[in-house]
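What follows is a single structure, written as structure tokens, with notes after it.
The values are calculated or read from the model by the stated rules, or taken from the named source; none is laboratory data. Just so it is clear, the structure is predicted and the values come from calculations on it, not from any experiment. Heads up, the Cβs are rebuilt from the backbone with ideal geometry, glycines too, and the neighbour counts pull from every protein chain shown.
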Amino acid sequence: MQRTPLGQTDLTVSRLGFGAAPIGFLETPPTQVGKLVDLLLEGGVNLFDTAAMYRGAEQLLGDALKGHRDDVVLVSKAGHAEKAFSYDAWSPELIRASVERSLERLHTDHLDVVLLHSCERDVLDRGEALGALLELRAEGKVRHAGYSGDNETAAHAAGLDGVEVIEMSVNIADQRNIDVVLPACAEHSVGVIAKRPIANAAWNPLNKQRGMYQQYAKTYHERLKEMDVTPHDLGYHGHPEVEWPEIALKFTLAVKGVDTAIVGTTSTVNARVNIDAAAKHPLRDQVVQTLRQAFRDAEQKSGTVWLGQT
């Protein structure tokens, strides 16, 4: 598995990372999570991304990673109000309490990266939430601070003092951040984590989507339909459901400025497919450009701006 620096942090991350939201929200048995994490580690994946609000995910991930803390980069997120705390969303008190609980759940004394979890611009402008993260960084509980979000707010966050990492949506059906956010990240030497690189399997029928992921999949499914491009158009001749996952992941990894792409799954089979795809030769430039143009043309035809999905 190829590894690369995460911006100007002191972290080196695998090009393929793991997103833990599905194991929590889809209530994955701990034994299955253990098998999944073992497979990812064996495949060279070292970046594991989670969040305080991903129901049960931090605890499941922390338990599965016992004994491997020195081998991995742990990313979590904080800021949303929770029943467990009486503090207001985005308040310094909530940020601190959330991060300290994450440390307990993940069985560690520090988190490599903590991101403000998709707050609005006004929260960033007040400065209290980011300030709380920077205080935790000064105490050694957080090594690097950042923001998870999309569109102009993420571009603004990339220029804030103390922000070292941005996590954003980048995939075949979600390309606005390529033009809006990545240039700001490059200007400020901010590390980039791409989320949803598989576009929630937008090529599949919507009835194959589970739970909360239907809301994202619906938008991506509709966009991909409007883009009117198939694997065959791109020079692939296998079954679309087999070809699309590899094309999608390799598209995201081919985008200049993306350091790592996190894929969430509960399946060891899918995890192996992703590991193998990430290890293959990069997507041809012509394929990347065809997908970029198809997105632009379909967006223009729709008469709307296809925003990055937060």
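Tell me yes or no: at least one residue of the range 234-242 is surrounded by 16 or more Cβ atoms within 10 Å (Cβ to Cβ) and within 16 Å of the chain's Cα centre (by Cα).
no
Are any of the residues in the range 162-173 within 21 Å of Arg69 (Cα to Cα), part of a helix (DSSP H, G or I) and either of a type outside the set (A, V, I, L, M) or touching a strand residue (DSSP E or B) at 6+ places or on another chain (Cβ under 6 Å) (or both)?
no
So how many residues does the range 268-283 have that are surrounded by fewer than 14 Cβ atoms within 10 Å (Cβ to Cβ) and touching a residue at least 40 places away in the same chain (Cβ under 8 Å)?
1
Which residue, of Ala248, Ala278, Ala298, Ala294, is aliphatic (A, V, I, L, M), over 14 Å from Asn200 (Cα atoms) and touching a strand residue (DSSP E or B) at 6+ places or on another chain (Cβ under 7 Å)?
Ala278
With of a type in the set (Val, Ile, Thr), closer than 25 Å to Lys83 by Cβ, free of Cβ contacts under 8 Å to residues at least 60 places away in the same chain and assigned to a helix (DSSP H, G or I) as the only criterion, which of Val114, Val123 stands out?
Only one candidate qualifies: Val123.
For the range 40-56, enumerate the residues that are buried (at least 17 other Cβ atoms within 10 Å of the Cβ) and either outside any loop (DSSP other than H, G, I, E, B) or in contact with a Pro (Cβ under 7 Å, 6 or more places away or on another chain) (or both).
Across the range 40-56, the qualifying residues are Leu40, Leu41, Leu47, Phe48, Asp49.
Here is a yes/no grid of residues against (1) free of Cβ contacts under 8 Å to residues at least 24 places away in the same chain; (2) among the acidic types (Asp, Glu):
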{"site": "Pro197", "(1), (2)": "no, no"}
{"site": "Ala201", "(1), (2)": "no, no"}
{"site": "Pro205", "(1), (2)": "yes, no"}
{"site": "Glu226", "(1), (2)": "no, yes"}
{"site": "Leu249", "(1), (2)": "no, no"}
{"site": "Ala254", "(1), (2)": "no, no"}
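Name the single residue, out of those in the range 57-83 being among the small types (Gly, Ala, Ser) and not in a helix (DSSP H, G or I), that is surrounded by the fewest Cβ atoms within 10 Å (Cβ to Cβ).
Gly67
Based on this model, can you work out whether Leu124 counts as surrounded by fewer than 24 Cβ atoms within 10 Å (Cβ to Cβ), closer than 28 Å to Ala201 by Cβ and either hydrophobic (A, V, I, L, M, F, W, C) or out of contact with any helix residue (DSSP H, G or I) (no Cβ under 9 Å at 6 or more places or on another chain) (or both)?
So Leu124 fails the test.
Sort out which residues of the range 26-51 are at pLDDT 95 or above and either within 22 Å of Ala81 (Cα to Cα) or of a type in the set (Asp, Glu) (or both), and write them in order of number.
Asp38, Glu42, Asp49, Thr50, Ala51
Please work out if Ala194 is modelled with pLDDT of 95 or more and more than 18 Å from Val288 (Cα to Cα).
It is false that Ala194 is modelled with pLDDT of 95 or more and more than 18 Å from Val288 (Cα to Cα).
Before we move on, is His107 at pLDDT 95 or above, in contact with a helix residue (DSSP H, G or I) (Cβ under 6 Å, 6 or more places away or on another chain) and outside any helix (DSSP H, G or I)?
yes
Name the residue, out of Glu104, Glu93, Glu135, Glu167, that is surrounded by fewer than 22 Cβ atoms within 10 Å (Cβ to Cβ) and in contact with a Phe, Trp or Tyr (Cβ under 9 Å, 6 or more places away or on another chain).
Glu93
What's the number of the only condition in (1) buried (at least 16 other Cβ atoms within 10 Å of the Cβ); (2) among the polar types (S, T, N, Q); (3) at pLDDT below 95 that Ser86 fails to meet?
Just one mismatch for Ser86, condition (1).
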